């Protein structure tokens, strides 16, 4: 439908990004570009074992190396940090929990000197039994990754279970599941899985820390959430927040991997032991794979009860997320998956348990989609499997069970009328892909079409908030100060468009201050959860309205009219119907000065904030409550071609549709859709960590870790924007950042069933796995014929 918010000058226009010039010309400064006077360089020694006691560490040879200023081990920093569970030492203390965990650090005058010295550190390990599979981790008697779990401080929203490997268990109960199964005609149960994956950002983790002798701390870091970094450092190190300054320059990609607290505490403490000099840690690509946080792996069991007519009566869902060695965001990821557990479908009876489980894998953190990519793989495959069993068209089956306004979500929330329409998204992609129609096939290879739907809400606490400041220069131009971090998503451009629209001044006369600094930037909780446009957009809108109100108040006094009789447009304030009676904006923004020197008003500084509304904590036993600021719906459809002899699959066409309320900038929205969908395709077809039998990562570089290349991208990719406005969103908008990379992999697997009749349940669905499934199907046919 056409949005009710129309007739805008800047909002809804496909304008160029405001940060494009410094990036394409190389002017943009990233954390890796920063060099400070007297800066030292750190290098880490990593554990070769996934689980082992540290018997002894000898650092004497390293200390004697030329240029070495300091060496640190876990005993030097015997305190823990954590986002939701305080479970991680900044250097392994007493034992290591994954192959790649930092055990020691060398600080030297040059990186080369640090690299040479770290090789001379001698560590004596006593290997321990490792747990390398979440199902094994749940068994009684499994090796414990954290024996002291019961002693760890943690957020009250999460429930670690001492004496087990369970970092958190989220429970959801809606309706009567057993009754729903009894009323079902068909019950189908399946298991699904996927491995851990790397974020593979262009820019690896880079952090500079300085612990000054006066107790002040300075940090320069490639991070998504500077205020979270500051807060956790304050809590962990016992330093008041006003003494900690976090500076975030341009960020070269993040995808969730830089959302929380990473290497910042380590470099700060390394700086302290070398007398307060700045210390820089920049991971190599190989270190990024082995020691940086990853996206969690996942195992799912889905049991669905349906009527033969196609109505879903009940679902029993069991999700297990592989947190790796430390909980970090993992506990909240499992929780978010738990309250969104059914996907965008109405299910009257639901029983869901979503667990976050420790293993001796690299530690998991946030990843674009925040757990939804994982469970939607299971749900969207299950939807097709059930539809095929019933003999119902997969599109028809989804539409029959679509979660529409007025129906209840798994947490009991009644979906609002302005929440967006999943049915419109499904119909749009089905129509665009030519659902039910055979495409021309000139190669003779099997082709198939598949569809998958999705939904997501921001996973955040009820008190999450954002703020923005707009201030003016003497010539009437404006500066926009934000707390949200620009990590490539295009938020700065969209937020500037919102400000320009509200203020009635040209976009090119608004400067978005191109950095985030906790000393001067207004507060924004975190740059995560597809919340930036919605929450920071509202904050910018409020700041612009606050500034506009001040401008009109000053002009009303000068022009001796009522404020409501004035118009602010084209950098001018004038009386309605009398455009010749007015003032230039530049005459007002620092206060209006009369010819005799008297001044009315003063510098105009607009302030705006937005806090999450309507949210509640969830019942710890049933998961019922109101967790969602907004819901965003979408769908993908694909056409694939597969070579049965090799298992190679080619995505010929991809169609994506999202109901985002209002596209503030259609150009950046479509860029998000294109990029996210290809990322989802890459995760589905190629990506995944591969370990040897001892828990060591085998594919720790971009030669062995496969990602989609340019030649793998579909030639045809259509992005469809649907606009059912969210009435409390900025100009009706919802977020899109994470949504675009959800469910493409499921659509591909569904299309492969349509093409060659294979049922795939484990990611990645690479050529070998496809070929083996095709061969297994052939063998089954042979056996059936013989028998």
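The values are calculated or read from the model by the stated rules, or taken from the named source; none is laboratory data. Since the structure is predicted, the reported quantities are computational estimates derived from the model, not experimental observations. Cβ placement follows ideal geometry from the backbone for every residue including glycine, while neighbour counts extend to all protein chains displayed.
Within the group 704, 728, which residue is over 17 Å from the mean Cα position of the chain (by Cα), modelled with pLDDT under 95 and in a loop (DSSP other than H, G, I, E, B)?
Numbers: 704 fails: modelled with pLDDT under 95.
Matching residue, one of 704, 728: 728.
Return the total of residues in the stretch 392-411 being assigned to a loop (DSSP other than H, G, I, E, B) and either touching a helix residue (DSSP H, G or I) at 6+ places or on another chain (Cβ under 9 Å) or more than 21 Å from residue 177 (Cα to Cα) (or both).
Total meeting the criteria: 10.
Residue check, residue 676 against (1) over 30 Å from residue 15 (Cβ atoms); (2) surrounded by 22 or more Cβ atoms within 10 Å (Cβ to Cβ), all met but one. Which one?
Failing condition for residue 676: (1).
Regarding residue 471, is this residue buried (at least 17 other Cβ atoms within 10 Å of the Cβ), modelled with pLDDT of 95 or more, assigned by TED's automatic domain parsing to the domain that holds residue 741 and at negative phi?
no
I'd like to verify a number: residues in the stretch 313-338 that are within 22 Å of the chain's Cα centre (by Cα) and either farther than 23 Å from residue 689 by Cβ or in a strand (DSSP E or B) (or both), how many?
8
All but one of (1) closer than 30 Å to residue 762 by Cβ; (2) part of a loop (DSSP other than H, G, I, E, B) hold for residue 168; state the number of the condition that does not hold.
Exception for residue 168: condition (2).
Hey, among the residues in the stretch 442-455 that are touching a helix residue (DSSP H, G or I) at 6+ places or on another chain (Cβ under 6 Å) and more than 19 Å from residue 428 (Cα to Cα), which one's surrounded by the most Cβ atoms within 10 Å (Cβ to Cβ)?
Step by step, filter the stretch 442-455, then rank; the result is 447.
Within the stretch 598-619, which residues are loosely packed, with under 14 Cβ neighbours inside 10 Å and not in a strand (DSSP E or B)?
The answer is 598, 613, 614, 616, 617.
Quick check: anything in the stretch 236-252 in the same structural domain as residue 48 (by TED's automatic domain parsing), within 16 Å of residue 518 (Cβ to Cβ), without any contact (Cβ under 8 Å) to a residue 60 or more places away in the chain and buried (at least 23 other Cβ atoms within 10 Å of the Cβ)?
no
Before we move on, is residue 253 modelled with pLDDT under 95 and either part of a loop (DSSP other than H, G, I, E, B) or under 27 Å from residue 106 (Cβ atoms) (or both)?
When the stated conditions are applied, residue 253 passes them.
List the residue pairs whose Cβ atoms are under 7 Å apart, where the first residue sits in the stretch 425-451 and is under 15 Å from residue 652 (Cβ atoms), the second is modelled with pLDDT under 95 and part of a loop (DSSP other than H, G, I, E, B), and the two are 6 or more positions apart or on different chains.
Close Cβ pairs (under 7 Å, with a partner that is modelled with pLDDT under 95 and part of a loop (DSSP other than H, G, I, E, B)) amount to 447/439; 447/441.
The rows are residues; the columns are (1) surrounded by fewer than 16 Cβ atoms within 10 Å (Cβ to Cβ); (2) touching a strand residue (DSSP E or B) at 6+ places or on another chain (Cβ under 9 Å).
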position: 122; (1), (2): yes, yes
position: 129; (1), (2): yes, no
position: 132; (1), (2): no, yes
position: 140; (1), (2): yes, no
position: 152; (1), (2): no, yes
position: 170; (1), (2): no, yes
position: 180; (1), (2): no, yes
position: 186; (1), (2): yes, yes
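Among 163, 150, 141, 180, which is the only one that is part of a helix (DSSP H, G or I), free of Cβ contacts under 8 Å to residues at least 24 places away in the same chain and not assigned by TED's automatic domain parsing to the domain that holds residue 76?
Result: 150 is the single residue among 163, 150, 141, 180 that is part of a helix (DSSP H, G or I), free of Cβ contacts under 8 Å to residues at least 24 places away in the same chain and not assigned by TED's automatic domain parsing to the domain that holds residue 76.
Applying the selection to the stretch 488-511, what residues are outside any loop (DSSP other than H, G, I, E, B), surrounded by fewer than 20 Cβ atoms within 10 Å (Cβ to Cβ) and in contact (Cβ under 8 Å) with a residue 40 or more places away in the chain? Please lay out each step first, then the result.
Taking the stretch 488-511 as the starting set, the residues that turn out to be outside any loop (DSSP other than H, G, I, E, B) are 491-503, 507-511.
Going one step further and asking which of them are surrounded by fewer than 20 Cβ atoms within 10 Å (Cβ to Cβ), we end up with 507-509, 511.
Listed by number, the residues that qualify are 507, 509.
Assuming residue 310 fulfils every condition listed in (1) buried (at least 24 other Cβ atoms within 10 Å of the Cβ); (2) in a loop (DSSP other than H, G, I, E, B); (3) in contact with a helix residue (DSSP H, G or I) (Cβ under 6 Å, 6 or more places away or on another chain) apart from one, which condition is it?
(1)
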